[in-house]
Amino acid sequence: MDMRQLRYFVAVAKERNFTRAAEQLHIAQPPLSRQIQALEEELGVELLARATRPVKLTEAGRVFYEQALQILGRVEQMRNVTRRIGLNQNRVLSIGFVASTLYGGLPTLIRKLRLHEPDLDIQLLEMMSIEQFPALKEGRIDIGFGRLRQSDPGIASFVLREEHLAVAIAEGSPLASVADPLPPIALVNEKLIVYPKEPRPSFADQVLGMLLEHGVEPAEVQEVREIQTALGLVAAEAGVCIVPYSARKLRSDVHYRLLDGERAVSPVILAHRANDTSPGIQLVKTLAEEIDT
């Protein structure tokens with residue numbers, strides 16, 4: 001599979017016609033058909049239903065089409081960014097972040113960064129905390145905002161703040177009848193929903209470890225991929241979920257109570273490559289210390 005085949009397939013999928021797609025691509029129809037057929041043979045599935053007029057996407061073809069559009073779009077973005085850097089048109093700062101930091105001070109930091117450096121091309125990439133470490137070392141991102149501590153000598157990290165944790169509770173639950181801080185022991189008989197399911201270690205392990213330190217072992221634990229899913233399940237009365245307190249802004253149909261206890265916090269950590277003293281990183285560190293990230 002190569003980029004040419006992806007472009008050919010996308011053209012046919014858009015036009016729903018091999019002849020028009022070939023004209024758009026400035027090639028003859030037979031080689032276009034051969035490339036699509038070779039792609040299907042490699043994947044082992046049929047992508048197009050050719051017996052219909054116009055040509056239709058199969059279910060597998062529909063999924064492949066969506067993925068191909070994303071890949072081609074990302075390649076085009078990569079090409080444009082590389083050209084701009086090569087032509088010295090602007091500088092790029094790639095920032096990795098865990099989703100929960102979007103509900104805290106990260107948006108404010110990015111706005112301030114754009115005001116200070118309007119010519120800086122800021123690339124924002126959502127990734128789990130554990131994914132940020134190899135991304136930093138490989139140069140795929142310059143800065144990471146996550147929640148996991150690490151001891152890699154190649155990465156410098158700083159705890160910007162310790163954010164209080166809260167328990168998300170279904171509005172009809174007896175635990176939602178008051179707003180006082182909730183002691184961890186109150187969760188003993190509750191079904192706990194944690195995220196992310198993978199990769200691990202993650203925020204889920206922080207939550208489970210914190211509860212064990214308080215002598216709490218939930219009756220049942222359900223793992224889900226992301227915070228939005230977890231809170232949706234809470235709203236559906238499927239269990240409770242521990243989240244950073246800033247995430248309470250996500251859903252208004254869920255009751256939130258601060259979790260009591262000294263260890264009921266989650267760090268917000270800024271990380272970058274060790275010995276990287278570039279101006280962009282120094283500015284981000286300065287701005288991050290000024291606001292509630």
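The values are calculated or read from the model by the stated rules, or taken from the named source; none is laboratory data. A quick note: this is a predicted structure, and the numbers were derived from the prediction, not measured. Virtual Cβ from ideal backbone geometry, glycine too; neighbours counted across all protein chains shown. Surface areas here come from the heavy atoms of the whole protein model, side chains and all, with no ligands, DNA or RNA. Shrake-Rupley method; radii C 1.70, N 1.55, O 1.52, S 1.80 Å.
Key figures
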{"item": "Rounded to 10°, Cα long-axis angle of helix 279-290 versus longest principal axis of the chain", "result": "40 degrees"}
{"item": "Backbone HN-Hα couplings from phi across region 38-51 [Karplus 6.51/-1.76/1.60, Hz, Gly and Pro as x]", "result": "5, 5, 5, 5, 5, 7, x, 9, 8, 9, 10, 8, 7, 6"}
{"item": "Which label in (i) 22.4; (ii) 19.7; (iii) 21.7 gives the computed Kirkwood radius over Cα pairs in Å", "result": "(i)"}
{"item": "Rounded to whole Hz, the Karplus (6.51, -1.76, 1.60) HN-Hα couplings of region 172-184, x for glycine and proline", "result": "x, 6, x, 5, 8, 6, 10, 10, 5, x, 9, x, x"}
{"item": "Ranked by how many other beta carbons lie within 10 Å on average, peptides 106-113, 230-237 from highest", "result": "230-237, 106-113"}
{"item": "Unit charges at the beta carbon, dipole of region 161-266: most positive-side option, 169, 254, 181", "result": "254"}
{"item": "Residues in region 48-84 that a label on residue 16 would reach, taking backbone N under 15 Å of a point 7 Å out along Cα→Cβ", "result": "48-59, 62"}
{"item": "For peptides 201-207, 33-39, sequence by mean Cβ density within 10 Å, most packed first", "result": "201-207, 33-39"}
{"item": "Area accessible to solvent at residue 121, 1.4 Å probe radius, in Å²", "result": "20 Å²"}
{"item": "Length gained when the stretch residue 229-residue 200 is fully extended (0.36 nm per residue, less Cα-Cα span)", "result": "8.7 nm"}
{"item": "Amide proton proximity set for residue 56, modelled H, under 5 Å, gap of 5+", "result": "49"}
{"item": "Computed magnitude of the charge dipole of the chain (debye, nearest 20; Cβ of K, R +1, Cβ of D, E -1)", "result": "1340 debye"}
{"item": "Test item: Cα-centred dipole of region 65-170, Lys/Arg +1 and Asp/Glu -1 on Cβ, debye", "result": "220 debye"}
{"item": "Reachable lysines from residue 56, criterion Cα separation under 29 angstrom, eight or more residues apart if same chain", "result": "14"}
{"item": "Potential extension, residue 152-residue 69 segment - 0.36 nm per residue separation minus Cα distance", "result": "26.2 nm"}
{"item": "Per-residue ³J(HN,Hα) for region 244-249, Karplus 6.51 cos²θ - 1.76 cosθ + 1.60, θ = phi - 60°, Hz, x for Gly and Pro", "result": "x, 4, 5, 6, 5, 6"}
{"item": "Cα-based reach from residue 137 at 12 Å (exclusive), listing aspartates and glutamates while leaving out same-chain residues under 8 positions away", "result": "152, 276"}
{"item": "Region 20-41 residues near the modelled residue 79 label - backbone nitrogen below 17 Å, point 7 Å along Cα→Cβ", "result": "24-27"}
{"item": "Long-range amide H partners of residue 124 with built H, under 5 Å", "result": "95"}
{"item": "Cβ-based charge dipole, the chain, positive-most Cα from 26, 216, 227", "result": "26"}
{"item": "Magnitude of the charge dipole, region 203-293, Cβ model with Lys/Arg +1 and Asp/Glu -1, debye to 20", "result": "300 debye"}
{"item": "List 1, 127, ordered by accessible area with a 1.4 Å probe, largest first", "result": "1, 127"}
{"item": "Gain on full stretching of the segment that runs from residue 137 to residue 29 - 0.36 nm per residue minus C-alpha separation", "result": "34.3 nm"}
{"item": "Packing rank of 238-247, 18-27, 254-263, where each peptide gets the mean count of other beta carbons within 10 Å, highest leading", "result": "238-247, 254-263, 18-27"}
{"item": "Overall Cα dimensions of region 3-72 - principal axes, largest extent first, Å", "result": "26, 25, 19"}
